[in-house]
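Below: one structure, written as structure tokens.
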Amino acid sequence: MKKIKIAFLDRDGVINSSKYCNGYIGKLKYFKWIPGAIKAIKYLNKNNYKVVVVSNQSGIARGFFKIKDVEKIHSYIKKKLTENEATIHKFYFCPFHKNGVIKKYKKNSILRKPGIGMFLKASKVWNIDKKKSFMIGDQATDMEFAKRAKIRGYLFNEKNLFNFVKVNIFE
């Protein structure tokens with residue numbers, strides 16, 4: 001079975017700015033693309049990477065927004081990427097948090113980064129080439145996720161995702 005290269009991307013802080021709503025981006029009106037994000041995803045696609053979003057969405061457990069709100073944002077992202085000939089192959093997100101106020105989402109979960117539940121879900125879909133796959137995130141939990149999944153981790157704290165990808169992944 002052919003091994004697949006995957007670029008795992010966090011969503012809030014990597015694809016979109018997380019400066020709004022204290023980092024809880026659950027409504028489309030707060031979604032703002034990070035400069036270079038669409039171009040970076042398209043570039044990864046052209047370099048034969050599957051692009052997979054892995055995102056903690058504890059705002060669901062905290063009662064700030066609902067799963068359908070997250071899905072609406074993901075639909076918008078897919079639409080905009082399609083218009084620009086780019087693709088995110090899969091979105092995984094964790095709605096759980098141990099301090100949640102919504103009972104059904106108030107729990108610990110292996111899906112929540114730094115747990116690797118979302119990586120394990122992806123590995124059921126694709127035969128992941130761990131040597132060529134990587135994670136780009138803006139938090140220590142993203143880097144711990146990468147370490148536990150045994151893939152490279154890149155901490156993104158810059159202004160342009162495309163420039164970051166070009167310099168860190170392809171040079």
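Numbers for the structure displayed
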item: Test: Ser75 is more than 18 Å from Ala7 (Cα to Cα) and surrounded by fewer than 21 Cβ atoms within 10 Å (Cβ to Cβ); result: yes
item: Residue that is most open to solvent (accessible area, probe 1.4 Å) [pool: residues in region 22-43 that are under 21 Å from Phe96 (Cβ atoms) and of a type in the set (Gly, Ala, Ser)]; result: Gly23
item: Every residue from region 28-66 that is out of contact with any strand residue (DSSP E or B) (no Cβ under 8 Å at 6 or more places or on another chain) and hydrophobic (A, V, I, L, M, F, W, C); result: Leu28, Ile38, Ala40, Ile60, Ala61, Phe64, Phe65
item: Test result for Lys5, modelled with pLDDT of 95 or more and open to solvent by 20 Å² or more (accessible area, probe 1.4 Å); result: yes
item: Output for region 78-91, where each listed residue is in a helix (DSSP H, G or I) and open to solvent by 20 Å² or more (accessible area, probe 1.4 Å); result: Lys78, Lys79, Lys80, Thr82, Glu83
item: Selection status of Lys19, in a loop (DSSP other than H, G, I, E, B), at pLDDT below 95 and open to solvent by 50 Å² or more (accessible area, probe 1.4 Å); result: yes
item: Residue within region 44-62 that is over 27 Å from Lys106 (Cβ atoms), assigned to a helix (DSSP H, G or I), of a type outside the set (Asp, Glu) and open to solvent by 50 Å² or more (accessible area, probe 1.4 Å) present; result: yes
item: Extreme residue, surrounded by the fewest Cβ atoms within 10 Å (Cβ to Cβ), among residues of region 92-141 that are touching a residue at least 40 places away in the same chain (Cβ under 8 Å) and part of a strand (DSSP E or B); result: Tyr92
item: Residue check for Gly63: small (Gly, Ala, Ser) and touching a residue at least 60 places away in the same chain (Cβ under 8 Å); result: no
item: Count of region 63-77 residues which are in a helix (DSSP H, G or I) and either among the basic types (Lys, Arg) or at pLDDT below 95 (or both); result: 2
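The values are calculated or read from the model by the stated rules, or taken from the named source; none is laboratory data. All values derive from a computational prediction rather than experimental measurement. Cβ sites come from the backbone with ideal geometry, for glycine too, and all protein chains shown count toward neighbours. Side chains are part of the model used for accessible areas, which takes the heavy atoms of the whole protein and leaves out ligands, DNA and RNA. Shrake-Rupley method; radii C 1.70, N 1.55, O 1.52, S 1.80 Å.
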